[in-house]
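Below is one structure; the comments refer to it alone.
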Amino acid sequence: MIEVREVLRGWLDGAGLRTVAERAGVDRKTARRYVQAAQVAGLERTAGLAAVDDALIGAVVAAVRPVRPNGHGPGWATLLGREEQIRSWVKGDGEDAKPLTIVKIEELLARQGLVVPYRTLHRFATERCGYRAKDTTVRVADGEPGAELQVDFGHMGYLVDPGDGRRRKVHALIFTACYSRHMFVWLTYSQTLAALIAGCEAAWAFFGGVFKVLIPDNLKPVVAEADAVNPRLSTGWLDYAQHAGFVTDPARIRSPKDKPRVERAVQYVRGNFWAGESFTDLTDAQAHAEAWCAKRAGMRMHGTIQARPAEVFDEQEAPALLAAPPAYDVPIFKRVKVHRDYHVEVAKALYSTPEHLLGRQLEARADRELVKLYAAGQLVKTHPRQPPGGRSTDPTDLPEHKSGYALRDLTKLIAACARHGDNIGIYAERLLDDPLPWTRMRSVYRLLGLVRRYGPEPVETACARSLDLDVVSVSKIASMLAKATEREQPVLPAATGSGHDTAGGRFARDPSEYTGRRHVQLTLIPGGAASDRTTTTTESETLS
């Protein structure tokens, strides 16, 4: 109506149609139609502006825009007869059929002799045939101050890691307060539970407290099993939520409307903070992000709440937050099996368990200081945390007859032998008297095997006899027991030389063997004065 009045006012002033159209902001053809309709209704150019009343304007509008049944023209009425066919094309009904575009549907209808404007066909397919149907929405109340904090990950771009020189993808963990729209951005290379908890810890420091409810996306570190009503949260996230004191209300799968505050903030952070900037590393980018959140994003005039988020947060939300918790030691939660060696593996280290748990599945919780093992909710073992490749073994967890060997406990091994006899204990100690004593442990175990086979008393006697003779060999002990000679007195070899007492010594010899002279009968060589004579001389005499 205003548009028609403006066109007629200019025409009555004597301006041309081109000038009238420019003043009214309409097309010249539209201005001509308005003027012609007014003339048909009885308006003269000589009449004054008072002749342009509501009745005249109504007549002009009715002439140039005739009333359509149901608000649609004849093309719409024609499409109603083909509604089922158009709906099947839009939805792709039938085997191996795919949804068709509106351009293709327009072409198919033209082949059948039905030609309608594209815009009419597009509106018809959208309103009546389900083409790109859009659900209606309602605005949800922001809730109480300090109650809800929406969380989401967003891809920002890439940074070169100075540590290894790789070009790595950077994610932004964005926290947005529902009431004040105040936000915090945490940059990270990964989306693990440790990265998520590190971001939460930094957020509590930035906000000065903890929000009562967190609304994250269906992140794998948070949600173990998604469900619209009863989602199952991961053990690690539940442990941290209990530590910080907040409640988790994850959004549904593929439902961004469950956390619209932070969904819109992802685009804002990517376009306003990250775009066009250059950072040396992740630490530098994080420092700029915190300053940007406090000064730029926090102090802007928000279009929805028409206030500065940081000011609203400081005045209304900050006093309502929960107290920030102490620093959290991110643990490892793992389900482990007790292997045949009575140990479980946690973070590439071994930890012993009681003997009766062999073969069972246990729950392990490992932080920086301790590793705790649970069986059916009961704490069964606690160990100090070991580095990868390390081992923590409690001797009481192993079978008594294997613990000494497993731990190379020489004292315990000697004590086990001494329980069967003093000489057996001394003999074991003599066996282990070596620079590398654990290499002689098998000999001691063989000695214990002889005790189980022959009994303690014969082995004790054999060890005593061997110690008297200073013979340290388990094989000799085994030979004595096999021949039952452990109680016999050993026979020493007799002294040599006839006519002397054999008890004089093992290596005694006849004294005559050590004399300096011996009689040798010599024969003179013929040709001398005494050639016909045989004489006796000594070895010391000189022969010529």
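If we count every other residue with Cβ under 10 angstrom of His182's Cβ, Lys/Arg +1 and Asp/Glu -1, where does the sum land?
-1
Mind checking the angle between helix 474-483 and the chain's longest principal axis? C-alpha axes, 0 to 90 degrees, to the nearest 10.
Taking the Cα atoms of the chain, the angle to 474-483 is about 60 degrees.
To the nearest 20 Debye, how big is the dipole of region 47-178 about its Cα centre, given +1 on the beta carbon of each Lys and Arg and -1 on that of each Asp and Glu?
For region 47-178, the charge dipole is close to 560 debye.
Assigning unit charges at the beta carbon (Lys, Arg +1; Asp, Glu -1) and nothing else, what dipole magnitude in debye, to the nearest 20, does region 1-70 show about its Cα centre?
320 debye
Could you give the size of the charge dipole of the chain about its Cα centre, using +1 on the Cβ of each K and R and -1 on the Cβ of each D and E, expressed in debye and rounded to the nearest 20?
Here the size comes out at about 2240 debye.
Could you please state, rounded to a whole Å, how far the C-alpha centre of region 168-185 is from the C-alpha centre of region 290-304?
Region 168-185 and region 290-304 have Cα centres separated by 12 Å.
Counting other Cβ atoms within 10 Å, keep those with at most 13, restrict to DSSP loop, and tell me which trypsin sites (Lys or Arg not before Pro) in region 337-399 are left.
Hits after loop and neighbour filter: Arg340, Lys348, Arg368.
Based on alpha-carbon positions alone, could you give the equivalent ellipsoid semi-axes of region 28-118 from the gyration tensor, as √(5λ), descending, whole Å?
The three semi-axes for region 28-118 are 45, 12, 10 Å.
Which of the lysines could a cross-linker bridge to Lys372, judged by Cα under 19 Å and excluding same-chain residues fewer than eight apart?
Within the straight-line cut-off, Lys372 pairs with Lys334, Lys337, Lys348, Lys381.
Rounded to the nearest Å, what's the spacing between the alpha carbon centres of region 103-152 and region 329-385? Just the number, please.
Region 103-152 and region 329-385 have Cα centres spaced 55 Å from each other.
Which values of log₁₀ I(q)/I(0), to two decimal places, follow from the Debye formula for region 44-195 at q = 0.17, 0.18 Å⁻¹ with a uniform point scatterer at every Cα?
Those come out to -0.96, -1.02, one per q.
Show that you can apply the helix-only estimate: for the chain, add -39,500 (n - 2.57) for every DSSP H stretch of four or more residues, divide by all residues, and state [θ] at 222 nm to the nearest 500.
Rounded to the nearest 500, the figure is -10500 deg cm²/dmol.
Going from the alpha-carbon gyration tensor of region 1-40, what semi-axes, largest first and in whole Å, does one get by taking the root of 5 times each eigenvalue?
12, 11, 10
Using heavy-atom solvent-accessible surface (probe 1.4 Å) with all chains present, what is the largest-first order of Ile174, Ile2, Ile332, Ile414?
Final ranking, largest accessible area leading: Ile2, Ile332, Ile414, Ile174.
Give me the base-10 log of I(q)/I(0) for the chain at each q in 0.05, 0.08 Å⁻¹, Debye formula, one uniform scatterer per Cα, rounded to two decimals.
-0.57, -0.92
Treating cross-link reach as a plain straight distance, find the lysines whose alpha-carbon is under 29 Å from the alpha-carbon of Lys98, omitting any fewer than eight places away in the same chain.
The reachable lysines, counting only those whose Cα sits under 29 Å from Lys98, are Lys134, Lys257.
In degrees from 0 to 90, rounded to the nearest 10, what is the angle of the helix 422-431 Cα long axis to the longest principal axis of the chain?
70 degrees
Straight-line reach from Lys169: which aspartates and glutamates fall under 19 Å, measuring Cα to Cα and dropping same-chain residues less than 8 apart?
Within reach: Asp152, Asp161, Glu277, Asp281, Asp284.
Would you work out which of Ala37, Val213, Val459 lies farthest towards the positive end of the dipole of the chain? Charges go on Cβ: Lys and Arg +1, Asp and Glu -1.
Ala37
First select every other residue whose beta carbon is under 14 angstrom from the beta carbon of Arg261; then total the charges, Lys and Arg +1, Asp and Glu -1.
Surrounding charge for Arg261 is -3.
How high is the relative contact order of the chain? Use alpha-carbon pairs under 8 Å, at least six apart in sequence, and give a whole percent.
Reported as a whole number, the value is 7 percent.
Suppose a student asked you for the relative contact order of region 1-154, using Cα pairs under 8 Å spaced at least 6 residues apart; what percent would you report?
Answer for region 1-154 is 16 percent.
I need two numbers for region 121-218: Rg to one decimal and Dmax as a whole number, Cα atoms only, in Å.
Final numbers for Rg and Dmax: 19.3, 59 Å.
Only sites in a loop by DSSP and with at most 16 other Cβ atoms within 10 Å count here; which GluC sites (Glu not before Pro) in region 83-148 make the cut?
Within region 83-148, the qualifying GluC sites (Glu not before Pro) (loop, at most 16 other Cβ atoms within 10 Å) are Glu95.
Only loop residues by DSSP count here, and only those with at most 14 other Cβ atoms within 10 Å; note down the trypsin sites (Lys or Arg not before Pro) in region 32-118 that meet that.
Qualifying residues, ordered by number: Arg45.
Any chance you could check the Cα centroid distance between region 200-237 and region 45-66 for me, in angstrom?
Measuring centre to centre over Cα atoms gives 65 Å.
What part of the accessible area of region 101-176, given as a whole %, is carbon or sulfur when the probe is 1.4 angstrom?
49 percent
The values are calculated or read from the model by the stated rules, or taken from the named source; none is laboratory data. Quick caveat, the model's predicted, so the values are computed rather than measured. Neighbour counts run over all protein chains shown; Cβ positions are idealised from the backbone, glycine included. Side chains included, ligands, DNA and RNA excluded: accessible areas come from the protein's heavy atoms. Shrake-Rupley method; radii C 1.70, N 1.55, O 1.52, S 1.80 Å.
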